[in-house]
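Here's the structure, in structure tokens; my notes come after.
Every number here is computed from the coordinates shown, using simple stated rules; none is lab data. What you see is a predicted model, and the numbers here were worked out from it, not measured in a lab. Counting neighbours? That spans all protein chains shown, and the Cβs are built from the backbone with ideal geometry, glycine included.
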Amino acid sequence: MASTTTYRRGQVVVVSVSFTDQAGTKRRPAVVVSAESFHRRLPGVIVCPISSQPRYFERPGPGDRPLAKWKSAGLRFRSTARVSNVVAIEKSLIQRVLGKLSAPDLKALSATLLDTFGFR
């Protein structure tokens, strides 16, 4: 049965995500990138993990989107959305909502997602 909890695109949440090599998990912030109309009746949402590693913020690579308004999004450190690590997760893995991305950061992240998946 799908969760009745509602999450909105652009919300910054705390989740447990797997390492890229699937060797374990780490609790970290992520931004919800799926639209509510898409995931409303599904058991999961699509999120983009957020990293506070300085290297991704200072020298973003392909699929990295540094967040300009990271503090107002509820994050404690300069942070980067890692589009290269987008993942679908069960809503039950979301531990709490930290905040939401600013409109300019969400727009920039959307553009990065479109470029990454070749939709423009």
For the range 71-109: of the residues being without any contact (Cβ under 8 Å) to a residue 40 or more places away in the chain and basic (Lys, Arg), which is farthest from Ala30 (Cα to Cα)? Lys107
Taking Ser51 and the conditions (1) among the small types (Gly, Ala, Ser); (2) surrounded by fewer than 16 Cβ atoms within 10 Å (Cβ to Cβ); (3) in contact (Cβ under 8 Å) with a residue 12 or more places away in the chain, which numbered condition does it fall short on, given that it satisfies the others? (2)
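For residues that are within 12 Å of the chain's Cα centre (by Cα) and crowded, with 17+ Cβ neighbours inside 10 Å, tally how many sit in the range 100-113.
The number of residues fulfilling the criteria is 6.
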Across the range 42-70, what is the number of residues that are in contact with a strand residue (DSSP E or B) (Cβ under 9 Å, 6 or more places away or on another chain), in a loop (DSSP other than H, G, I, E, B) and under 15 Å from Val31 (Cα atoms)? 4
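When the residues of the range 74-120 are filtered to those that are part of a strand (DSSP E or B) and in contact with a Gly (Cβ under 7 Å, 6 or more places away or on another chain), which remaining residue is farthest from Arg40 (Cα to Cα)?
Arg82
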Filtering the range 5-30 down to residues that are hydrophobic (A, V, I, L, M, F, W, C), over 11 Å from Val97 (Cβ atoms) and in contact (Cβ under 8 Å) with a residue 60 or more places away in the chain yields Val17
